[in-house]
Amino acid sequence: MATFLSGERRLVMRILELWENLRGARRFPSVSDVESADLGACWANCFVIAVGAQPELSSFRYVGGGLLIPDWDEVAGRAVADCPEHTVLRHASSYMTKVIHKRVPISIGGDFDVDESRIVYRSIILPLSDDGTLVNFLFGAANCRLVTGAGGLASPADIR
Amino acid sequence: MATLIAYEVHTYEHGSWQIASLFDDRELALIEARRLEEGLRHRETRVVEETHDEESGRTKSKVIYSSPKIRTAESAAAQATQTAQPAKPGTPAAVRKHRRTRRRRSAVAEKQPSLMVIGLTFFLIVGFGIAALIALQHFSNLG
């Protein structure tokens, strides 16, 4: 069972450290290595994508409660492409093709508007492989902060 | 058209640099590079800033961080290169080197005996030899 070793508080850096610990000497950990027990409260901000034969055919295997789309009754099997706009999950999964291509963890932050509010987010997607070569799953995490009005806009790097 | 900046964290493994992770944030990339080098594997790391100009299509790469181990090795290599390089003509270093060379050459020349001295010594030895033979012959005739 892997655990967070450092005192790092940023979600994406904690997830990246866990991924490093899970993979050990291997290039990638496998999807079976990722256990909710290792992630504690962070698990609610995580998602797992099953990579399809073509990236656009990829689908969610798991989406944590913190990122769940309200209209979705069932998450497993939902196409990533069907993820609604103006949601953190949409932005956090938007660069999954780049992760498949580069075969390394990628962290991206940004902001987007919803109604009168602005949401600032920070996300990470990490490759997983069952055979150590083919990236067949992606492990992701994201968190966000709601910023109302013009003042006090947080940088995506500040989100923990 | 925008300029895109990405930060690549590299680790040195099996004799070459490998991309370990990618960030759009400089601070996070630096944190990750330092975390990796402090980790159990004690890896050498660096952070490369990739600036992509969408208008021109050009990408510039710049190393913005490298492990202390790498910095030490690089400065030692740079010093070695500087020592090996010849000084440019006219520079103070070149003038000093020229003077040193001239002094060394004259000192060597002073230590070596000239041909004239050798010749004189030869003729003196031969002259003394002939004089000694004549003297011996003269004294034997007297006896």
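A few points about this structure:
- Selection within the range A:121-133 - over 15 Å from the mean Cα position of the chain (by Cα), farther than 16 Å from A:His101 by Cβ and open to solvent by less than 10 Å² (accessible area, probe 1.4 Å): none
- When the range A:10-39 is limited to residues that are open to solvent by less than 10 Å² (accessible area, probe 1.4 Å) and among the β-branched types (Val, Ile, Thr), the one that is farthest from the other protein chains (Cβ to nearest Cβ) turns out to be A:Ile15.
- Lone qualifier among A:Pro156, A:Pro127 - being at pLDDT below 95 and within 14 Å of chain B (Cβ to nearest Cβ): A:Pro156
- Taken over the range A:134-153, the criterion of being among the polar types (S, T, N, Q) and either modelled with pLDDT of 95 or more or crowded, with 20+ Cβ neighbours inside 10 Å (or both) is satisfied by A:Asn136, A:Asn143.
- Residue match in the range B:67-88 (condition: at pLDDT 95 or above and either among the β-branched types (Val, Ile, Thr) or closer than 19 Å to A:Val104 by Cα (or both)): no
- Qualifying positions in the range A:70-88 - β-branched (Val, Ile, Thr), farther than 19 Å from A:Val114 by Cβ and not in a loop (DSSP other than H, G, I, E, B): A:Val80
- Filtering the range A:53-69 to residues that are part of a loop (DSSP other than H, G, I, E, B) and either of a type in the set (Phe, Trp, Tyr) or open to solvent by 20 Å² or more (accessible area, probe 1.4 Å) (or both) leaves A:Ala53, A:Gln54, A:Gly65, A:Gly66, A:Leu68.
- Against the numbered list (1) touching a helix residue (DSSP H, G or I) at 6+ places or on another chain (Cβ under 6 Å); (2) at pLDDT 95 or above, B:Val48 comes up short only at (1).
- Number of positions in the range A:11-32 that are farther than 20 Å from B:Ala29 by Cβ and either of a type in the set (Lys, Arg) or without any contact (Cβ under 8 Å) to a residue 12 or more places away in the chain (or both): 4
- Any hit, the range B:41-59, residues being among the aliphatic types (A, V, I, L, M), surrounded by 14 or more Cβ atoms within 10 Å (Cβ to Cβ) and within 12 Å of another protein chain (Cβ to nearest Cβ): no
- In the range A:79-120, the residues that are within 12 Å of chain B (Cβ to nearest Cβ), within 19 Å of A:Ile69 (Cβ to Cβ) and touching a helix residue (DSSP H, G or I) at 6+ places or on another chain (Cβ under 8 Å): A:Gly110
- Long-range neighbours under 9 Å by Cβ, at least six apart or interchain, first residue under 18 Å from A:Leu89 (Cβ atoms) and among the hydroxyl-bearing types (Ser, Thr, Tyr) within the range A:99-114, second modelled with pLDDT of 95 or more and part of a strand (DSSP E or B): A:Ser107/A:Arg122; A:Ser107/A:Ser123; A:Ser107/A:Ile124; A:Ser107/A:Ile125; A:Ser107/B:Ser21; A:Ser107/B:Leu22; A:Ser107/B:Phe23
- Unmet criterion (only one of (1) in a helix (DSSP H, G or I); (2) in contact with a strand residue (DSSP E or B) (Cβ under 6 Å, 6 or more places away or on another chain)) for A:Thr97: (2)
- Long-range neighbours under 9 Å by Cβ, at least six apart or interchain, first residue under 11 Å from A:Leu89 (Cβ atoms) within the range A:59-78, second of a type in the set (Gly, Ala, Ser) and part of a strand (DSSP E or B): A:Phe60/A:Ala50; A:Phe60/A:Ala79; A:Gly64/A:Ala141; A:Gly66/A:Ala142; A:Leu67/A:Gly140; A:Leu67/A:Ala141; A:Leu67/A:Ala142; A:Arg78/A:Ser59
The values are calculated or read from the model by the stated rules, or taken from the named source; none is laboratory data. Values in this document were obtained by computation on a predicted structure and should not be read as measured data. We place every Cβ from the backbone using ideal geometry, glycine too, and count neighbours over all the protein chains shown. Just the protein is used for accessible areas: all its heavy atoms, side chains included, with ligands, DNA and RNA removed. Shrake-Rupley method; radii C 1.70, N 1.55, O 1.52, S 1.80 Å.
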